[in-house]
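Participant: Please find one structure pasted underneath; my questions will follow.
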Amino acid sequence: MKKKKIGDSDISKSKDSQLIHDENKKNDVNNMISYEEKNRMNTNKEKIELPVIEVKDFNLWYDENYALKNINISFPRNKITAIIGPSGCGKSSLLRCFNRMNDVIDNCKIQGRVLFNGNDLYAKNADIRLNRKKIGMIFQKPNPFPMSIYDNITYGPKLHKIEDKKVLDEIIERCLKKAVLWDEVSDRLEETAMGLSGGQQQRLCIARALAVEPEILLMDEPTASLDPIATQKIEELILELKKNWTIIIVTHNMQQAARISDYTGFMYLGELVEFGKTIQIFEKPEKKMTENYITGRFG
């Protein structure tokens, strides 16, 4: 049998074919890994300079429930960031990660990183107590301690070894004024906090959080149980507080997010769908799902 002679043109065609094959293979691989990467980039396109908190490739499970899926987001300093989305989408789970409140939940597993001022909150050598001091939490339902107004505010400072009454008195007045509550309660500091109205109790809880000098205030639907007048007072307070503190607020109230926040993140089924400046998210969202949620088509 005669062997076929391979000429230069055949070699050239073979090389061209191999190059095309390699390029197609490369494109296929790039397409497979870039979809997730592109999606990640789209959800967090807004460039945040020197963020106070950075979340990187963060995942969270409760037993088999995959609650947070590959979250990447950065929170700007001295701004209000709202997290919106339907019930069960992972908003509160994400918020609780920032001061490690999920640690107390059985069978909670995390993967990824949460950086606070560049330091990993989940590092083995992380000082959980100090981080919780620096990252305060305000809950949906006001939760004053069953003690006097005075003792509510001084509870945290006393835990951190501040015992001097003059110093404690200064903390009381400063924090209650910051929470716009001083004029309403200054003459009854020794009375029980349980006798305050719902709105006053929530402002007391904010004052109590401020007493340990945090850098960040986490707020999990802080006005959900309040009437419209009390809600307005809390919103005005939040706008005032952002001059000195970073605020991250979870809310179902999209009008509230639009009114008070500088940045907004939209979550759905454990994923961060879109993140950006609030005016862009509400007026010109990039994702159709974001637009559908904001316009009330679902959720």
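The values are calculated or read from the model by the stated rules, or taken from the named source; none is laboratory data. These numbers come from a predicted model, not from an experiment. Backbone-built Cβ (ideal geometry, glycine too); neighbour counts: all protein chains shown. In case anyone asks, the SASA skips ligands and DNA or RNA and just uses the protein heavy atoms, side chains included. Shrake-Rupley method; radii C 1.70, N 1.55, O 1.52, S 1.80 Å.
Participant: Could you tell me the accessible area of His252 in Å² (1.4 Å probe, neighbours in place), rounded to the nearest ten?
Facilitator: 70 Å²
Participant: Probe radius 1.4 Å, ligands and nucleic acids ignored: give me the carbon and sulfur share of the accessible area of the stretch 119-208 as a rounded percent.
Facilitator: 52 percent
Participant: Could you report the stretch 190-264's accessible area per residue, 1.4 Å probe, as an integer in Å²?
Facilitator: Result: 38 Å² per residue.
Participant: Also: Rounded to the nearest whole Å², what accessible area per residue is found for the stretch 79-153 with the 1.4 Å probe?
Facilitator: 48 Å²
Participant: Which pairs break 25 Å Cα to Cα here: Lys56/Lys277; Lys133/Lys161; Lys141/Lys242; Lys243/Lys277; Lys124/Lys277; Lys91/Lys133?
Facilitator: The answer is Lys124/Lys277.
Participant: Once label points are set 7 Å from the Cα along Cα→Cβ at both Ile105 and Asn117, what is their separation, rounded to one decimal in nm?
Facilitator: 2.7 nm
Participant: While we're here: Whole-Hz Karplus ³J(HN,Hα) for the stretch 242-255, in order, using 6.51 cos²θ - 1.76 cosθ + 1.60 and θ = phi - 60°, x for Gly and Pro?
Facilitator: Values per residue, Gly and Pro as x: 5, 5, 10, 9, 8, 10, 10, 10, 8, 8, 8, 8, 5, 5 Hz.
Participant: Hey, can you grab everything whose amide H is under 5 Å from the amide H of Glu274? Only 5+ residues off in sequence or another chain; H modelled, so Pro and N-termini drop out.
Facilitator: Phe266
Participant: Counting Lys +1, Arg +1, Asp -1, Glu -1, what net charge surrounds Lys242 among other residues with beta carbon under 15 Å of its beta carbon?
Facilitator: That sum, taken over residues with Cβ under 15 Å, equals +1.
Participant: Could you check what % of the DSSP bridge pairs in the stretch 173-299 are antiparallel, to the nearest 5?
Facilitator: Here the antiparallel bridges make up roughly 55 percent for the stretch 173-299.
Participant: For a label point 7 Å from the Cα of Gln232 along Cα→C-beta, name the residues of the stretch 183-220 whose backbone N is under 16 Å from it.
Facilitator: What the label zone holds, given the 16 Å backbone N cut-off, is 199-200.
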